[in-house]
1. Quick one: ARG93 ticks every box in (1) modelled with pLDDT of 90 or more; (2) surrounded by fewer than 19 Cβ atoms within 10 Å (Cβ to Cβ); (3) not in a helix (DSSP H, G or I); (4) not aliphatic (A, V, I, L, M) except a single one, so which number is it?
2. Taking the stretch 150-189 as the region of interest, how many residues are loosely packed, with under 15 Cβ neighbours inside 10 Å and out of contact with any strand residue (DSSP E or B) (no Cβ under 7 Å at 6 or more places or on another chain)?
3. I want to confirm something. Restricting to the stretch 148-179 and keeping residues that are hydrophobic (A, V, I, L, M, F, W, C) and assigned to a loop (DSSP other than H, G, I, E, B), which single residue is farthest from ILE84 (Cα to Cα)?
4. Being modelled with pLDDT of 95 or more, over 14 Å from LYS64 (Cβ atoms) and in contact with a Lys or Arg (Cβ under 7 Å, 6 or more places away or on another chain) is true for just one of THR177, THR182. Which residue is that?
5. Can you tell me which condition THR145 does not meet? The list is (1) among the polar types (S, T, N, Q); (2) in a loop (DSSP other than H, G, I, E, B); (3) assigned by TED's automatic domain parsing to the domain that holds CYS82, and all the others hold.
6. Go through the stretch 101-118 and give me each residue that's modelled with pLDDT of 95 or more and of a type in the set (Asp, Glu).
7. Pairs, please: C-beta under 7 Å, at least 6 apart or cross-chain, first residue part of a loop (DSSP other than H, G, I, E, B) and in the stretch 129-142, second of a type outside the set (A, V, I, L, M, F, W, C)?
8. Of all residues in the stretch 105-128, which are surrounded by 13 or more Cβ atoms within 10 Å (Cβ to Cβ), outside any helix (DSSP H, G or I) and of a type in the set (A, V, I, L, M, F, W, C)?
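The values are calculated or read from the model by the stated rules, or taken from the named source; none is laboratory data. Remember, it's a predicted structure, so these values are computed and weren't measured experimentally. For neighbour counting, all protein chains shown are included, and Cβ atoms are generated from backbone atoms with ideal geometry for every residue, glycine included.
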Amino acid sequence: MYLYEERRETLAANGTAADPYGRCRRFDTPRAGRSRRARLAVSWACTIIAGEGARTSTARMPVKIQVTPEKCTGCRLCRQICTIEKFGETNPRRARLRVEALFPAPGRYVPHVCDQCGACADACPNEAIVRGDDGVYVVVDELCTACGSCYDACPEEVLMEGAEGVPYKCDFCWACTEVCNTGALVRVE
């Protein structure tokens with residue numbers, strides 16, 4: 001049985017609409033023929049696209065993502081999962097976090113994730129970045145004039161440039177923390 005079929009059965013058993021967006025792809029490689037990482041990524045792709053879990057349906061408590069650079073191996077699976085979650089594709093350049101390689105030290109990496117400090121919101125002249133009830137800052141596209149002042153204000157440099165210069169940022173969906181095998185990214189309440 002393919003992994004996506006198992007996920008759909010689980011969603012149907014839980015009373016959740018299986019794949020409401022019609023984007024859960026069929027993967028032709030049987031489960032036994034894939035690596036553990038590939039199975040996990042496929043599982044996450046179907047889970048995220050189908051909308052299973054509390055990430056999209058319930059209010060979130062104010063929490064943070066704890067970053068432990070010493071545990072990061074530089075696999076960048078967090079970036080892959082981020083783009084699958086947000087864009088339905090694997091394109092790490094569009095991820096809402098970044099992994100910096102510390103050269104010349106081989107094997108040293110530092111993940112950078114938004115820590116919801118609010119520096120971008122303070123720098124925005126149009127108040128296009130607002131803090132929601134869950135404590136997460138979000139960009140209101142309609143108010144943004146793409147002036148770029150938020151990019152310069154971000155200490156982690158994790159505001160990404162979207163369509164027409166409008167920034168987008170991490171909204172704490174937790175996909176990166178749940179897929180990080182080493183514990184470099186951990187959800188902390």
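1. (3)
2. Total meeting the criteria: 9.
3. Per the criteria, the residue is CYS154.
4. Numbers: THR177 fails: over 14 Å from LYS64 (Cβ atoms).
One residue alone meets the criteria, THR182.
5. (3)
6. none
7. ASP134/ARG60; ASP134/PRO62; GLY135/PRO62; GLY135/GLN116; VAL136/GLN116; VAL136/ASP171
8. VAL110, VAL113, CYS114, CYS117, CYS124, ALA128
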